[in-house]
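Visitor: Mind having a look at this structure? Questions to follow.
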Amino acid sequence: MMSFFTVEKLFSLSFYVAAGFFLIGLGYSGTSLAPTGLFLIILSFLVFSRFLWLATARLKKDERNLPDQILSSLSDDAEKNKDNIFKRSCALDFGSFLLLIFLSGAWGIYCSIYPNEITSIKTLYIEFGNFFGDAYGKEDLEFGNLREQIFQYISLLLIVLLMSWLQLSLSISKRFVRHNLVVFWPAFLVGVVILNFIVGRVLLFQWPDTLFLSGGGLGIAEPLMLLHPDLAQDSMSFFMVRFFELGFVGAYGAYLFLLIPLSVFFHIIMIRQRRKTLAYIGMMSVAVVIMMDMFWLYHPYGLSVMAMGWFVIVVCWGQSGFKTPYILR
Amino acid sequence: MVRLRDRRQGGFVCCILALLVCTFAIGALCVFMPSSKQSASQHASQAQFYYEKNKTVGANVKASSNLLTLSEASLVQALMHDPYNTDHWNLLASVTQESGRYAVAHKARRFSHLFWSGDDQDDLIEVALYSEYKRH
């Protein structure tokens, strides 16, 4: 029987491997769904096994006699730790995060099935693409269909959910948090600076108004960028891409994901007055992610960099939420 | 016999397990869904349908005229690869005419006429047009 620490180390190692594949896949992913689906299957197995392992602490035998009842009340440290992690997963902040993930998925599907008028861009692009393709003597149209776009979006959301839960549950260990910060925090900051040089920032930023509450549907930003190269070079930030695809609600609603850890950080700094360093690191990462989201030009590598920023935020958020974090030796 | 400590926790665990099963199912669906190459061919056929429809019935791009912001230079440059195909020039002229870009439509018609007008002066016309295009 492996000890609690050994199993935690194995899960930590699995998280690092999964995070590596996730970051590389996010940066280099094409329109193919198969790798995303395969990764989701492996991740769901991993989370499933960890969840069952943690849930064993919540199980108890049906004691019939007094000695068994007394013995069962004396649970060991490992069970307490498991119980602690389990309670952390059921907390209000992670529940809100879970709800937001589902709402985001539902909103993305709604925008794709009932798109805004902006969707005529796609039809127009296909017409012109065929027109130019005919002129050049070749066809180079490559688009994912609606079903493919929706499944890719939902898969990505679920991967973010499972990875966040895995990281949040592992962040009970201070050593795991320290390693995460050593790996992801510098990589995130360096990535932001490198993207500033190789891709650049927006020249013009416009605040979207409520006229377009819903967006043009998933995958609409790509043809728009091809149709309007000037727009893509000047103002197509991550925020604007989200605005075109998911509308006003989706563009601003994504910041609610950051509001949950921010509220935990504020709680730590203003009320609990302990483990402030992690709260400050998390808040700084939130600020950098928002800055990058609004003012950095869209690029697939940027998604990987933002995911690294999210990992830093989640690990600080997870550790800050534990009342009695475990110092793993 | 093993049971959970209370009914609420049991419900939560069941919900999470159901979510993980759904996640696994979505992942499996993604793996076995048709690849993007098949989707691209479907879109190409759809685009061909739109193209034929607009060619015969008339382009329905007037409502989207504000979206036609491709520069004149890039439009003309695209057709310069096969300038003797007058159908392309005429189609460009009709589309841009309907979208209110009269300068591009006028130029496309002029190019269509010039390239249609004879074979012996091809090189001369092409050089003249190219120099005119570069000047703009």
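The values are calculated or read from the model by the stated rules, or taken from the named source; none is laboratory data. As the structure is a computational prediction, the values presented were derived from the model and not from experiment. Because the Cβ atoms are built from the backbone with ideal geometry, glycine has one as well, and the counts that use them run over all protein chains shown. Note: areas computed on protein heavy atoms with side chains; ligands, DNA, RNA excluded. Shrake-Rupley method; radii C 1.70, N 1.55, O 1.52, S 1.80 Å.
Visitor: If you scan region B:15-32, which residues turn out to be farther than 10 Å from A:Ile41 by Cα and at pLDDT below 80?
Guide: B:Cys15, B:Ile16, B:Phe32
Visitor: Return the total of residues in region A:144-158 being assigned to a helix (DSSP H, G or I), facing another protein chain (nearest Cβ under 9 Å) and not basic (Lys, Arg). Walk me through how you get there before you give the answer.
Guide: Of the residues in region A:144-158, the ones assigned to a helix (DSSP H, G or I) are A:146-158.
Those left that are additionally facing another protein chain (nearest Cβ under 9 Å): A:147-148, A:151-152, A:154-155, A:158.
Subset that is not basic (Lys, Arg): A:148, A:151-152, A:154-155, A:158.
The total comes to 6.
Visitor: From the list A:Trp310, A:Trp296, exactly one residue is open to solvent by less than 50 Å² (accessible area, probe 1.4 Å), touching a Phe, Trp or Tyr at 6+ places or on another chain (Cβ under 8 Å) and touching a residue at least 24 places away in the same chain (Cβ under 8 Å). Which is it?
Guide: Values: A:Trp310 fails: touching a Phe, Trp or Tyr at 6+ places or on another chain (Cβ under 8 Å).
None of the others qualify; the one that does is A:Trp296.
So that you can scan it fast, the table gives a plain yes or no per residue for (1) in contact with a helix residue (DSSP H, G or I) (Cβ under 6 Å, 6 or more places away or on another chain); (2) under 22 Å from A:Ala254 (Cβ atoms); (3) modelled with pLDDT of 90 or more; (4) away from chain B (no Cβ under 12 Å):
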{"site": "A:Met1", "(1), (2), (3), (4)": "no, no, no, yes"}
{"site": "A:Lys9", "(1), (2), (3), (4)": "no, no, no, yes"}
{"site": "A:Leu59", "(1), (2), (3), (4)": "no, no, no, no"}
{"site": "A:Pro67", "(1), (2), (3), (4)": "no, no, no, yes"}
{"site": "A:Tyr110", "(1), (2), (3), (4)": "no, yes, yes, yes"}
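Visitor: Is it true that A:Val288 is modelled with pLDDT of 95 or more and not acidic (Asp, Glu)? Walk me through how you get there before you give the answer.
Guide: Details: modelled with pLDDT of 95 or more: yes; not acidic (Asp, Glu): yes.
When the stated conditions are applied, A:Val288 passes them.
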